[in-house]
Structures are given as structure tokens and as C-alpha cells.
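Colleague: Below are the C-alpha cells for one structure; questions will follow.
Nothing in this text is a laboratory measurement; each read-out follows from the coordinates by a stated rule. What you see is a predicted model; the values in this text were computed from it and never measured. Cβ: placed from backbone, ideal geometry, glycine included. Neighbour counts: every protein chain shown.
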Amino acid sequence: MIEIRHLNKTYHSADKDIVALEEINLTIRDGEIFGIIGLSGAGKSTLVRCLNLLEQPSAGEVIVDGQSLTALPRRELLKLRRSIGMIFQSFNLLEQRSVLRNVCFPLEIAGAKGKEARERAMELLALVGLADRADAYPAQLSGGQKQRVAIARALATRPKYLLCDEATSALDPTTTRSILELLREINETLGVTIIVITHEMKVIDQICDRVAVIDHSRIAEEGKVSEVFTNPRSQIARDLIIPRERTVLETEGGKRLRLTFDGETTAGPHIAEMILACQAPVSILQASTKELDGVIYGYTIIELPKDPHQAEKIMIWLQSSEIPWKEVE
């Protein structure tokens with residue numbers, strides 16, 4: 001388990017101090033896939049680098065399996081870091097080394113013998129589907145293949161935790177999907193706890209169990225992905241789920257309502273039933289659904305008619321229904 005307690009990070013310069021993280025408190029449980037999402041500059045990459053002390057926190061603690069990293073002697077810290085693998089957006093492969101020797105690299109640093117390192121590397125290349133490219137060089141690989149090599153390399157020392165810092169941001173949607181499926185497989189088969197840093201809600205949707213939303217260096221909210229998706233409490237979470245650039249055009253109707261479908265209320269033609277029961281038209285301005293853990297979640301934004309009597313009938317119908325809703329701007 002990883003516990004983050006009262007974590008702060010401030011960068012000092014001659015001109016001014018820049019607060020990157022402020023009073024961060026999180027618990028990441030063993031075996032889960034935990035997402036940290038935020039816009040560029042929110043502090044998410046600084047946070048993930050503090051998890052293995054690539055960045056030294058200004059205050060607070062990072063506790064891994066009961067050990068406070070900031071309190072460990074350097075030798076003990078280096079040993080514990082072997083249990084925390086990391087993959088990056090830019091892959092960070094060694095261009096002069098073959099795929100096989102890239103995966104061998106952390107094993108060589110850990111003191112593994114040549115044959116042992118090569119056998120372990122080939123095992124991992126088979127896991128990520130690249131055993132046939134062992135002798136290739138990074139320049140001969142696609143972006144998705146490079147990231148698979150990076151994942152294999154990160155797993156070389158049998159880590160308990162895997163940190164993924166924008167690991168799919170440089171990849172196309174199809175490749176992103178395949179990499180996320182691979183990470184899910186690794187989580188399920190090897191039991192590796194995975195922390196995913198991203199600015200894309202679709203990445204969180206596809207792979208994560210829980211998510212923390214970071215905004216302006218602080219945690220804005222956290223919870224199960226399904227809960228945050230269906231009922232975002234913070235403005236930043238609402239912006240990430242419903243990006244502002246997707247905002248519908250201005251119309252001349254009445255109030256706008258956001259209907260939430262939480263898995264139990266997804267099935268059924270609810271909008272059609274409402275229109276037929278109320279004999280009043282509504283405009284569907286926006287809708288989105290996601291499958292999370294085999295259950296459909298989503299929302300629909302509707303606009304009520306300008307006629308106050310028709311709008312009132314719809315409001316009364318909604319109040320008697322099981323569909324959660326709230327008024328939106």
C-alpha cells in the first residue's frame with residue numbers, strides 16, 4: 001500500500017516560489033489501478049515523481065508498505081525503488097541498445113548475471129508480445145512497440161508498483177487502447193498495483209478502479225471512477241468529463257438539466273417515457289455513456305421547453321422518477 005500524507009512540493013527560484021503540490025493526502029491500495037487526472041500544470045507529474053522520490057518533497061511523507069521513503073538511508077531507498085517501476089510518455093529507451101538489452105539494463109544494474117538477465121528479459125518480451133523483436137533497435141519500432149518495451153523494462157526487477165506518467169499521450173487511440181489492455185492484464189495476472197497519471201478521462205474510464213482529480217496543486221476530489229463520472233463534485237472534474245469545447249450551441253429553450261444514469265437506471269427508454277407521459281417536448285443537447293466494470297454509466301443534458309406549464313410537468317415527472325438530476329448552466 002502507498003500512503004501519501006500531507007505532501008507538499010515547492011520549487012524555489014530567485015524570482016519567486018512555485019507551489020507544485022499542496023497538502024496531498026491519498027491512499028493507494030494493493031492490487032488496484034489508481035488514476036490521477038488533471039490538466040497540464042496541475043501537479044500530477046510532480047506527484048508521481050514524488051512517489052519514488054525522483055522529486056524530493058518539501059514536506060510530508062510517502063509511505064510504501066509501511067516504510068517512509070524520506071526517512072530511509074540512501075542504500076535502503078535504492079533497494080526499495082526496485083519495487084517501483086516507471087514508464088514515461090517519451091519511452092526513454094536507450095537507442096544504442098537492442099530491445100533485449102534495453103530490458104536487461106535494470107537487471108544488469110541490480111547485479112543479475114548475463115544468462116539470468118536475458119532469460120528474464122525474454123520472458124517479459126513474450127508477455128508484452130515482442131519476443132520476435134528482441135534483436136531490433138528502438139528506431140525500428142513503432143510508438144506502441146516502444147512503449148511495450150518500456151513496460152517490459154519496468155517489470156524487469158519484479159516491482160510491486162508500476163507508475164505510468166502520461167504513458168499513452170504520444171500514441172494514437174487504437175494503440176492507446178491496446179497498451180491499456182496490456183496494463184490491465186499485467187495488473188490481473190501479476191498483481192502489480194498501477195498508478196496512472198493522465199489528462200484524458202477516456203484513459204481513466206478504460207482502466208482505473210479509483211481516481212483522484214488534481215487541480216492547482218491540490219486534490220479536488222477522489223473516489224470510484226463510476227461515482228466521479230456520474231456525479232462530479234468539483235468544477236475541474238466536470239470540465240474533464242464534459243470538456244468545455246464540447247459545449248452545445250446557445251439555444252432559446254428553458255432550463256437545462258443533467259440526468260445521470262448510474263448503472264441501475266441506465267436501461268429503458270427514459271427520455272421517451274418522459275416525453276410521452278408529459279406530452280411536452282425536450283431537446284437533447286448532449287449525451288455520453290461509458291461501460292465501467294461491465295455496467296453502463298452516463299449522463300444526458302436536456303433542455304426544457306420555454307413554456308412554464310410544460311416545463312413544470314417534466315420537473316414533476318423527474319421528481320417522481322428514480323433518475324438523479326440537477327440543473328446546469
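Colleague: Considering the dipole of the chain built from charges on the beta carbon (Lys and Arg +1, Asp and Glu -1) around the Cα centre, which of 26, 72, 164 is farthest to its positive end?
Modeller: It is 72, whose Cα lies furthest towards the positive end.
Colleague: Check cross-link reach from residue 113 to the lysines: straight Cα distance under 20 Å, and skip same-chain residues fewer than eight apart.
Modeller: By straight Cα distance, residue 113 reaches 79.
Colleague: Let me have the relative contact order for the chain, percent, based on Cα pairs under 8 Å that are six or more residues apart. Spell out each step's value before the answer.
Modeller: Details: 593 pairs, mean separation 58.4, N = 329.
Over the chain, the number comes to 18 percent.
Colleague: The list [x] 20.8; [y] 17.4; [z] 19.1 gives values of mean projected area of the Cα convex hull in nm², and only one came from this structure; which label was calculated from it?
Modeller: Entry [x].
Colleague: If the only charges are +1 at each Lys and Arg Cβ and -1 at each Asp and Glu Cβ, what is the size of the charge dipole of the chain around the Cα centre, to the nearest 20 debye?
Modeller: 1320 debye
Colleague: Treating cross-link reach as a plain straight distance, find the lysines whose alpha-carbon is under 28 Å from the alpha-carbon of residue 326, omitting any fewer than eight places away in the same chain.
Modeller: Answer for residue 326, where 28 Å is the Cα cut-off: 202, 224, 255, 290, 306, 313, listed by chain and number.
Colleague: Work out the length of the dipole vector of region 19-107 about its Cα centre, built from +1 on the beta-carbon of each Lys and Arg and -1 on the beta-carbon of each Asp and Glu, and round it to the nearest 20 debye.
Modeller: Result for region 19-107 is approximately 500 debye, rounded to the nearest 20.
Colleague: Taking every DSSP beta bridge with both residues inside the chain, roughly what % is antiparallel (nearest 5)?
Modeller: 70 percent
Colleague: Can I ask one more? Pick from 275, 236, 195 the residue whose mean-square fluctuation is largest in a GNM of the chain, springs joining Cα atoms under 10 Å.
Modeller: 275
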